[in-house]
Structure formats: C-alpha cells, structure tokens
Amino acid sequence: TTKRRILVVEDEEALAVGIRDAIEHAGYHVDVALDGNKALELARAGQHDLIVLDLMLPGQSGIDVLKQLRADRHTVRVLVLTALADEEDLVKGFEAGADDYMKKPFSPRAHLARIAAQFRRATMETAPPAMLALPADIRVDPPRLAVHRDRQTVPLTPRQGAILAHPTPPNAPAETPH
C-alpha cells in the first residue's frame, strides 16, 4: 500500500520540522508549508490525505485557508493544531470545516493518535455498506421504502427502511426483545 500523505502547515520552522519528523517516523509521507499561501497551493493540488493546520500563519490565516478549501469542495480531513485555545477559536475552526482541533502545547503521542483516528474515520466513511443476505428473488429498495418480490412491491415503514438500509454487521450481537 502507499503511504498516506500529510500536509503540515506551521509557520514556526523548528516546530514544523519536529512535527514532520514525528509523523514521518510513524510511517507517513509529509509535506510542509510555512505560510497560508503555500498551504492553500499545496492543499489545492489534492495529493494529501490529511492536513495538520496551524491557524496563525503569515500570508493568510489557517481559518481563511480552511474556508477556501471547503468553498472549493475539498473534502480532505483537517486537524487544526494551534495555540489559539479559547472556545471562540475552537468554534470558528469547526465552523470553517475542521474535522478535529488540538491545542498547543501538545503531546506528540496524542497528536499521532488523533491523526490515526482521522484515518480510521475516513476509512469507515468510505467502507462499503454491510450486505444483507436475502433470497435471490427479493430486492430491497430502502430509499423508496419498498421490498420487491415476484413483481410485487411491499411498502415499508420509515423505520423498516432504515433497518434494511443499515443491517446489523455479521459479527454484531443481535438485539433481543425486552
């Protein structure tokens, strides 16, 4: 498999190098941008699986970079890593489109754990839905709230449609009636 690519956006060069080295040691490929303009240029190229983004940057702020990426419909995951630690800054980060927010100073182990969590979430979101084993002559159509068999349509309630759209995974315990 190919290594996941991470863009680290941090204007303090020594910190950027430390973050890059820790992330590379964990097995990822890392690019670094030291200002908002370069960050936006590299992010728009679309080669990264995750962006670690500082908010206080020369050129354009991290919030501006994030807003522009989301306006461009870039869906890359963004982990904000910043010294801006009050609630208002956190809310602004999430409203601009951040997927996670981590305050400086930070633990490198916790930072790597959050990076890994972002990749787990991305994998879960893109995983194919669980398959429901049904006889070959039955077709389930959850969006239309119907089941089709022998040219007949059986309407479903919204709850039945939701259950059939998200069946219990094969190894999950079945719910028992109370």
Completion exercise
Everything considered on the Cα gyration tensor (a ≥ b ≥ c; rounded for a/c under 1.5, else prolate if a/b is larger than b/c, else oblate), the stretch 1-123 must be described as rounded
Fill in the blank from the handout: Of K104, K67, ordered by accessible area with the largest first and a 1.4 Å probe, the sequence is K67, K104
Handout entry: Interchain or long-range residues, amide H under 5 Å from L57's placed H
Key = G62
Handout entry: Share of carbon and sulfur in the accessible heavy-atom surface of the stretch 1-88 [1.4 Å probe, %]
Key = 47
Problem - Other-chain or far-sequence residues with amide H under 5 Å of V78's (modelled H) - result: I51, D99, D100
Handout entry: Solvent accessible area, Å² - T153, 1.4 Å probe, full protein context
Key = 90
Practice task
For K92, go through the lysines and keep the ones whose alpha-carbon is under 26 Å away, minus same-chain ones fewer than eight residues off.
Solution key: K38, K67, K103, K104
Practice task
May I ask you to derive the relative contact order of the stretch 13-75, considering only C-alpha pairs under 8 Å and at least 6 residues apart, and to give it as an integer percent?
Solution key: 29
Problem - Cβ-defined net charge surrounding Y101, 14 Å radius [Lys, Arg +1; Asp, Glu -1] - result: -3
Handout entry: Cα gyration tensor, the stretch 72-127 - rounded (a/c under 1.5), prolate or oblate
Key = oblate
Handout entry: Residue order for L145, L69 - accessible surface, 1.4 angstrom probe, largest first
Key = L145, L69
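The values are calculated or read from the model by the stated rules, or taken from the named source; none is laboratory data. Remember, it's a predicted structure, so these values are computed and weren't measured experimentally. Neighbour counts run over all protein chains shown; Cβ positions are idealised from the backbone, glycine included. For the accessible areas, the whole protein counts, side chains as well, though only heavy atoms, and no ligand, DNA or RNA atoms are used. Shrake-Rupley method; radii C 1.70, N 1.55, O 1.52, S 1.80 Å.
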